[in-house]
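For reference, the structure discussed in these notes is given below.
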Amino acid sequence: MNSSRILGIGSYLPPGIVTNDDLKDLLNTSDEWIQQRTGIKQRHWVDASTDIATSDLGLLAAQKALAHAGVDKSEIDLIIFATTSPDYDTPGSACTLQAKLGIPGVPALDIRQQCSGFIYGLSIADQFVRTGLYKKVLLVCAEIQSKGIDLSPRGRDVSVLFGDGAGAIVLGSTSLVTDVRNSDLPHVLCTHLGADGRFAKDLWIEYPGIGHVGSRNSFKEEDQVKYFPQMNGKTVFVNAAKKMPEILLTSLESQNLKIEDVDLFVFHQANIRINEMVAKQLGIPDEKIFNTIELFGNTTAATIPLGLDEAVRCGKLRSGMLVGSAAFGSGFTWGSALIRW
Ligand code: ACO
C-alpha cells in the first residue's frame with residue numbers, strides 16, 4: 001500500500017472579467033446586493049459567442065498541472081473529470097478532454113458531484129493510487145457556468161454567483177506515510193465524503209433529465225426555465241454551514257489532529273458568508289483561510305484546485321504545510337480532505 005501525493009497543480013481562468021456592475025441591468029441587481037450577500041466583486045466568463053467548451057478550459061489547466069509535475073501525458077493512467085457543466089449531456093467531458101490531450105486508450109471517468117467534485121475526485125484518485133492499480137491520475141475540475149445560467153432577472157439569485165474556470169492536479173504515489181505528526185512528506189492524509197439525496201431538488205438543473213412527465217418530444221416553450229439551475233438558497237446556506245465543519249472535524253479526528261495543526265484552509269467558494277460561519281464555528285483565524293470568491297466567483301467543482309494553485313503562486317501555500325479543505329454542493333454532497341503539501 002502506498003500513499004498518494006499531489007505531483008503538480010495548474011489552473012486556468014478565461015480572460016473576460018464580468019463585474020457586478022456589468023450585470024446590473026441584465027439581471028436587475030446591484031453591486032451592493034451581490035457584495036453584501038455573497039462577497040463577490042467580479043467573475044471570469046468565457047465569450048459565449050464562441051464554441052469554447054468546458055473541456056477546453058480543463059485542457060489548459062491540465063497542461064499546466066502536467067508541466068508543474070514534470071509528468072509527460074503518456075504517463076497518465078486515468079483521467080477523472082469533475083464538472084456540473086459538461087460539454088455534452090453524453091458522452092462525458094473526460095472523454096473529450098482525453099481526445100484533446102491526445103492520449104487515446106487511457107480510462108476516462110466523469111463524476112457529477114458539483115461543488116464537491118474536487119474532494120470526491122481526489123478521494124477516488126487517492127484510492128486508485130493507494131492500491132497501486134494506477135500510478136498517476138489526472139484530476140480535472142472545470143466549469144463554464146456562464147453559458148448555462150438564466151441571464152434574465154428571473155434567475156438573478158443564482159446567476160450572480162457563478163464564474164467559469166478550471167483547476168487540475170496530477171496525483172502520484174509516494175511511500176506509505178504512517179506517522180502523520182512526524183512526517184513532512186507531501187501526501188494526502190485522508191478524505192471523507194457524505195451525501196443526502198433528500199435535498200436533490202434544493203439545488204438542481206432538472207432538464208435535460210428524464211425524471212419528469214413527458215419526453216423530449218413533448219418539449220414546451222415554458223419548460224426552458226428547467227434547463228437553468230434552480231436553488232433554495234436558504235436551505236443550501238444552512239446545510240453547507242453545518243456539514244462543512246462537521247466533515248472537516250471528522251477528517252481531523254481520524255488523524256488525531258486539531259484545527260490548530262492545520263496551516264491553511266482552502267474551502268469551496270460558494271459564498272463568503274458560508275465560509276465565515278464555518279470559520280467562526282471552528283475558531284479558525286482569518287489569516288489561515290484562503291478565499292478567492294471575491295475575484296473568481298463560484299466556479300463550482302473548480303473552486304478548490306483554483307484556490308490551491310492561486311495560494312501556491314502567491315506564496316501562501318508552501319511545501320510542508322498542512323492544508324484543510326471542505327466542500328458542499330448539489331445532491332446534497334459534501335466532503336473534506338487533509339493534504340500535506
Ligand atoms: N440582486 C438583487 N436582489 C436579489 C438578487 C440579486 N441577485 N437575488 C435575490 N434578490 C432579492 C430577492 O428577490 C428578494 O427580494 P424580496 O425581499 O423583495 O422578495 C431578496 O433579494 C431576498 O432574497 P433571498 O433569496 O431571501 O436572499 P438571501 O438573503 O437568501 O440571499 C443567497 C440569497 C445569497 C443566494 C443566499 O440564499 C445564499 O447565500 N445561499 C447560499 C447558497 C449559495 O451560496 N449557493 C451557491 C451555489 S451552490 C454551492 O456552491 C454550494
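The values are calculated or read from the model by the stated rules, or taken from the named source; none is laboratory data. Just so you know, these numbers come straight off a predicted model, no measurement behind them. Cβ placement follows ideal geometry from the backbone for every residue including glycine, while neighbour counts extend to all protein chains displayed.
Conditions (1) farther than 27 Å from Lys64 by Cβ; (2) assigned by TED's automatic domain parsing to the domain that holds Thr191; (3) within 16 Å of the ligand (Cβ to nearest atom); (4) of a type in the set (Asp, Glu), marked per residue:
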site: Glu260; (1), (2), (3), (4): yes, yes, no, yes
site: Ala279; (1), (2), (3), (4): yes, yes, yes, no
site: Lys288; (1), (2), (3), (4): no, yes, no, no
site: Thr299; (1), (2), (3), (4): no, yes, yes, no
site: Ala302; (1), (2), (3), (4): no, yes, yes, no
site: Cys314; (1), (2), (3), (4): no, yes, no, no
site: Gly324; (1), (2), (3), (4): no, yes, no, no
Condition first: within 12 Å of the ligand (Cβ to nearest atom) and aliphatic (A, V, I, L, M). Now tell me which residues in region 326-341 satisfy that. Ala326, Ala327
Might you let me know whether region 65-86 holds any residue that is buried (at least 21 other Cβ atoms within 10 Å of the Cβ) and without any contact (Cβ under 8 Å) to a residue 60 or more places away in the chain? yes
For Arg313, the lone unmet condition from (1) under 13 Å from the mean Cα position of the chain (by Cα); (2) free of Cβ contacts under 8 Å to residues at least 40 places away in the same chain is (1)
Qualifying residue in region 95-109 (condition: at pLDDT 95 or above and under 15 Å from the mean Cα position of the chain (by Cα)): no
Unique residue being within 16 Å of the ligand (Cβ to nearest atom) and either of a type outside the set (Asp, Glu) or modelled with pLDDT under 95 (or both) when the list is Gly194, Gly214, Gly172, Gly209: Gly194
Subset of region 9-56, residues touching a Leu at 6+ places or on another chain (Cβ under 8 Å), within 10 Å of the ligand (Cβ to nearest atom) and more than 30 Å from Ile80 (Cβ to Cβ), comes to Leu27, Thr29, Ile34
Test for Pro186: is it of a type outside the set (A, V, I, L, M, F, W, C) and closer than 30 Å to Leu26 by Cβ: no
Scan region 132-146 and tell me whether some residue there is surrounded by 24 or more Cβ atoms within 10 Å (Cβ to Cβ) and out of contact with any strand residue (DSSP E or B) (no Cβ under 7 Å at 6 or more places or on another chain). yes
Of these, Phe237, Phe228, Phe219, which one is over 24 Å from Glu310 (Cα atoms) and touching an Asp or Glu at 6+ places or on another chain (Cβ under 6 Å)? Phe228
Run Lys280 past the list (1) touching a residue at least 12 places away in the same chain (Cβ under 8 Å); (2) under 19 Å from Val238 (Cβ atoms) and report the number of the one that doesn't hold. (1)
Looking only at region 150-169, and only at residues there that are within 11 Å of the ligand (Cβ to nearest atom) and of a type in the set (Val, Ile, Thr), the one that is surrounded by the most Cβ atoms within 10 Å (Cβ to Cβ): Val160
